[in-house]
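Accompanying notes for the structure given below.
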Amino acid sequence: MPSDLLDRAGLTFEVRPPRATITLNRPESLNAQTPHTWAALAAIGDSLRDQVNDQVRVVVVRGAGRAFSAGLDRRMFDPAGLDGVPSMAGLATMTEAEAEAHLAGFQAGFAWLREPRWLTVAAVQGHAIGGGFQLALACDLRVVADDAKFSMAEVTLGIVPDLGGTYPLVRAVGYARAVEICLTGRRVGAAEAVDIGLALRSVPNAELDATVDQLVDSLTAAPAGATAATLGLLSAIVDGAGPAEALANERAAQVRRLRSLVAGTG
């Protein structure tokens, strides 16, 4: 992973199998995001697929400082754009195809986190606003500090969530709650996040890292092949597999697992 790409994005990336850790590392801006952030995240996903997929089983996403991420860097609303990338106003001057192609590239930074080949965990403290909320939603699990506050603030700026956050939000909390959260842009605190299924658990801020470490240890205790196969089964169900398809998926997965065990390949 090129260091200049990570530096420009304000990210750090560390692999210590079976875990990879991505840290949003612009605490002076509450880890605000730019297109460079999303490009670097997409590149990290590519590197994990190509180089260390057989080693990394869990990806942890965290933020440095007192916030997970305050969302979109407000400099993106400057008509001049930011560091060579188009501003939000600049997107509006493009053809629909051109603008949507840019947005698809932005979305690629988060989309790989939902692939069932690995489990992803967001460790959230402080603000997770807009793009920060959507980044946390891209992960399978969210563990939050007791000062965490989620907000889908895009509508208050006259825009919509566009980094893939709508699907996992509805999946996590249901349609009615997702409507209310998105259209009001209100802050959802840690306790409520746990109550409505948005977060797995809430802990004191000082215990967040240790809690995530313990969770990673427990999630990787079982054999890697069985874990990945089970995650694929569960993911298929929430993506729409019905009872008959779920049963068929279980049969096929079990046959593959038994063959792997007999062959001694895990």
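A few remarks follow.
- Taking a sphere under 11 Å around the Cβ of Leu135 and counting the other residues whose Cβ falls inside, with K and R at +1 and D and E at -1, yields a net charge of +2.
- Dipole of the chain [Lys/Arg +1, Asp/Glu -1 at C-beta], most positive-end residue of Pro17, Ala123, Cys139: Pro17
- Rough spin-label spacing in nm, given labels placed 7 Å along Cα→Cβ, for Thr156 and Ser3: 3.9
- Axis of helix 208-219 versus longest Cα principal axis of the chain: the two differ by about 30°, to the nearest ten degrees.
- Scattering from the stretch 160-266 was approximated by placing one identical point on each alpha carbon and applying the Debye formula without solvent; log10 I(q)/I(0) at 0.12, 0.22, 0.23, 0.25 1/Å stands at -0.65, -1.17, -1.19, -1.25.
- Remark on Leu82: its backbone amide H falls under 5 Å from those of Ser87, a criterion applied only to residues 5 or more positions apart or on other chains, H modelled at 1.01 Å from N.
- Förster radius 45 Å - calculated FRET efficiency between Ala206 and Ala99 (Cβ-Cβ, nearest 0.05): 0.55
- Nitroxide proxy distance, nm - points 7 Å out along Cα→Cβ at Ala191 and Thr265: 5.2
- Gain in span if fully extended, Asp46 to Ala176, counting 0.36 nm per residue against the direct Cα distance: 43.3 nm
- Convex hull volume of the Cα atoms of the stretch 224-263, normalised per residue: 42 Å³.
- Length-normalised contact order for the chain - Cα pairs under 8 Å, 6+ apart - percent: 15
- Computed about the Cα centre, the dipole magnitude for the stretch 131-239 is approximately 300 debye when only Lys and Arg (+1) and Asp and Glu (-1) carry charge, each at its Cβ.
- For the stretch 3-219, projected area of the alpha-carbon convex hull averaged over all directions, nm²: 11.6
- Förster-model FRET efficiency, 51 Å R0, Asp78 and Glu245, C-beta, rounded to 0.05: 0.60
Computed from the coordinates by the stated procedures, all read-outs in this text should not be read as laboratory data. Note that the structure is a prediction, hence the values are computed from the model and not measured. Please note: Cβ atoms are built from the backbone with ideal geometry, for glycine as well, and neighbour counts cover all protein chains shown.
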